[in-house]
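The structure under discussion appears below in the form of structure tokens.
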Amino acid sequence: MAAFHRAGPNEARRSPAPIGCSGGRGPRIAAGWGGVLGLALAAGGCTFLNTGPERIPVAVQGPEGVSSEPVGEGRRVVVQLPFADQRPDPDHCGVQKITYGLTPGLILCTGLPADDLGRQLVNSLRAAGYAARAADGTRPKDALLIEGQLLKLYIEPVQGVANTEADLHVRLLARSADGLEAEREFYLKGRAGDYQRALNSAVRKTLTAMVEAIGQLLERYPTIGQPAAREEP
């Protein structure tokens, strides 16, 4: 796994290149956390298909059992909600399967996908044993602060038995009061026979990967996010 480092005073995160869609060349995603300098993305441009008369809604649903061992040991993590929605086309989440000669309709996300994904990360961290909560303007000085950016959520038809694919691309930024600044990107796919199950698969994989990455970061910096000391009765 690539090592991450504390950011120097002159480092600045570069803005990512536009994220490609169907047919574009996908981003190069680093395997480990990096400093705030960021990750270079390579993406191909594309044109979204015209909106058809039929629109099908899907939702960023709960992980339903993203299983995780209770490894968090009460370490404190604060998640800034909502995640920033930085998708190039946030008004829809993909295109439907079509019959030859017909105009494809859009796939719409119900609710706010970036907000829903951030809340599911809080739930998944809690399930893994972390003392996780949404930011409320204050946080323990030694807690790990997580911010998120939803860069891509796109569902489209593909060939094969599991003929629907969902792509999720998320960036997490991690900070602490003692100066730690790190980031990591997650690019995962889900495939299934329908839109919702394909998205569920991508969400489940992404949440699992994010929880594991946060745990690895805290293991490397054991003083960050330690549980509050219990007062003696």
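The values are calculated or read from the model by the stated rules, or taken from the named source; none is laboratory data. Small disclaimer: the values here were computed from a predicted structure and weren't measured. Cβ coordinates were reconstructed from backbone atoms using ideal geometry, including for glycine residues, and neighbour counts include every protein chain displayed.
Looking for whichever is buried (at least 18 other Cβ atoms within 10 Å of the Cβ), acidic (D, E) and at pLDDT 95 or above here; the options are E185, E165, E156. Which one fits?
Answer to the check: E185.
Could you go through the stretch 93-101 and let me know if any residue there is aliphatic (A, V, I, L, M) and modelled with pLDDT of 90 or more.
Within the stretch 93-101, not a single residue is aliphatic (A, V, I, L, M) and modelled with pLDDT of 90 or more.
Those residues that are over 15 Å from T206 (Cβ atoms) and surrounded by 21 or more Cβ atoms within 10 Å (Cβ to Cβ), I need them from the stretch 110-136; list them, please.
Result: Y130, A132.
Any chance the stretch 205-227 includes a residue that's under 24 Å from Q96 (Cβ atoms) and not in a strand (DSSP E or B)?
There is at least one residue in the stretch 205-227 that is under 24 Å from Q96 (Cβ atoms) and not in a strand (DSSP E or B).
Of everything in the stretch 190-218, what is modelled with pLDDT of 95 or more and more than 24 Å from V79 (Cβ to Cβ)? Give them in sequence order.
none
Is one or more of the residues making up the stretch 187-202 basic (K, R), out of contact with any strand residue (DSSP E or B) (no Cβ under 7 Å at 6 or more places or on another chain) and under 16 Å from L117 (Cα atoms)?
Scanning the stretch 187-202, I find at least one residue that is basic (K, R), out of contact with any strand residue (DSSP E or B) (no Cβ under 7 Å at 6 or more places or on another chain) and under 16 Å from L117 (Cα atoms), so the answer is yes.
Looking at D115, D178, can you tell me which residue is within 24 Å of G215 (Cβ to Cβ), modelled with pLDDT under 90 and touching an Asp or Glu at 6+ places or on another chain (Cβ under 9 Å)?
Answer to the check: D178.
Hey, among R197, R204, R171, which residue is surrounded by fewer than 19 Cβ atoms within 10 Å (Cβ to Cβ), touching a Gly at 6+ places or on another chain (Cβ under 9 Å) and under 24 Å from V95 (Cα atoms)?
Result of the check over R197, R204, R171: R197.
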